[in-house]
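Presented below is the structure to which this report refers.
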Amino acid sequence: MQLLDMGTGGGELLKTFHHASNRTQVTEAWQPNNNLLKYTIGKQGIKVHTLQTKHEDALPVKNDSLNMITNSHAALNPKLIKDKLKTGGYFISQQAGALNNYSLSRFFDSDYVPAYPDNTLLKTVADFQNLGFEILLSKKSQPSMTFFDIGAIIYYASIIPWEFPDFSVGHCLSQLTQLDQLIQNDGSVTTKEDRFILVTRKM
């Protein structure tokens, strides 16, 4: 089977698949990861496709050439996925949904709007169904994320700018002070993540 892993990151998840290197390709848009991949999975014979950041959902492979495409939290284009898969090929993805950490993002910014409002299970399933895919599995979950320290919240918000735009300690000092007081009183602050999984087959 010919496998492509979209947005492979540092290749950590891909390594757990134990798929043959000469039948494995990956895409990655973040340059630091690409530099790493050249010296890790690239040296094992896995084809690494370096993408431009604005085209994270690009699939620079031949049409009808893949048996399986996997995607963990990367952007996706259902039409491109259909073009690249062979008939009977599988697409498997876990996504962070539009409402990921919504309550915490709104707490910092009352005007916050999700950066990817259409990234929902309902719309994604409908898009693939409209392209003739068979839906084999579709589930969503909202697990809790609990913070026990204000420093953890500051770090988390600092590294996810699409969920916490314009975040800084100075800009959000009043909200951080309030959260810190809540942690002191209650022991923690909890927010909800938004996750969904989709397994489809091209008919």
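The values are calculated or read from the model by the stated rules, or taken from the named source; none is laboratory data. All values reported here derive from a predicted model rather than from experimental measurement. All Cβ positions, even for glycine, are placed from backbone atoms using ideal geometry, and neighbour counts span all protein chains on display. Side chains are part of the model used for accessible areas, which takes the heavy atoms of the whole protein and leaves out ligands, DNA and RNA. Shrake-Rupley method; radii C 1.70, N 1.55, O 1.52, S 1.80 Å.
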Ignoring ligands, DNA and RNA, how do Leu80, Leu176 rank by accessible area with a 1.4 Å probe, largest first?
-> Leu80, Leu176
Note to self: with every protein chain in place and a 1.4 Å probe, region 84-203 gives an accessible area per residue in Å² of 56
Cα pair distances in region 1-100, grouped into 5 Å bins until the bin that holds the longest one, percent each | 3, 14, 26, 26, 20, 9, 2, 0
So how exposed is Ser105, as accessible area in Å² (1.4 Å probe, rounded to 10)?
-> 0
Run the 1.4 Å probe and let me know the accessible area of Asp111, rounded to the nearest 10 Å².
-> 120
Return the Rg/Rh value of the chain, two decimal places, where both radii are evaluated on C-alpha atoms and Rh is the Kirkwood radius.
-> 1.03
What FRET efficiency would be calculated for the residue pair Val125, Asn67, taking the C-beta separation as r and a Förster radius of 22 Å, to the nearest 0.05?
-> 0.50
Run the 1.4 Å probe and let me know the accessible area of Ile197, rounded to the nearest 10 Å².
-> 60
Carbon/sulfur fraction of accessible area - region 53-203, other protein chains in place, 1.4 Å, % | 53
Can you pull the percent of region 1-44's accessible area that's carbon plus sulfur, 1.4 Å probe, other chains left in place?
-> 54
Quick one: if you take sqrt(5λ) for each eigenvalue of the C-alpha gyration tensor of region 93-203, what semi-axes come out, biggest first, whole angstrom?
-> 34, 15, 9
Heavy-atom SASA rank of Tyr155, Tyr90 (probe 1.4 Å, accessible area, largest first) | Tyr155, Tyr90
Please work out how much length the chain gains when fully extended from Ala75 to Ser138, using 0.36 nm per residue of separation minus the C-alpha to C-alpha distance, in nm with one decimal.
-> 20.9 nm
Counting only protein chains, not ligands or nucleic acids, how are Leu76, Leu173, Leu182 ordered by accessible area (probe 1.4 Å), most first?
-> Leu173, Leu182, Leu76
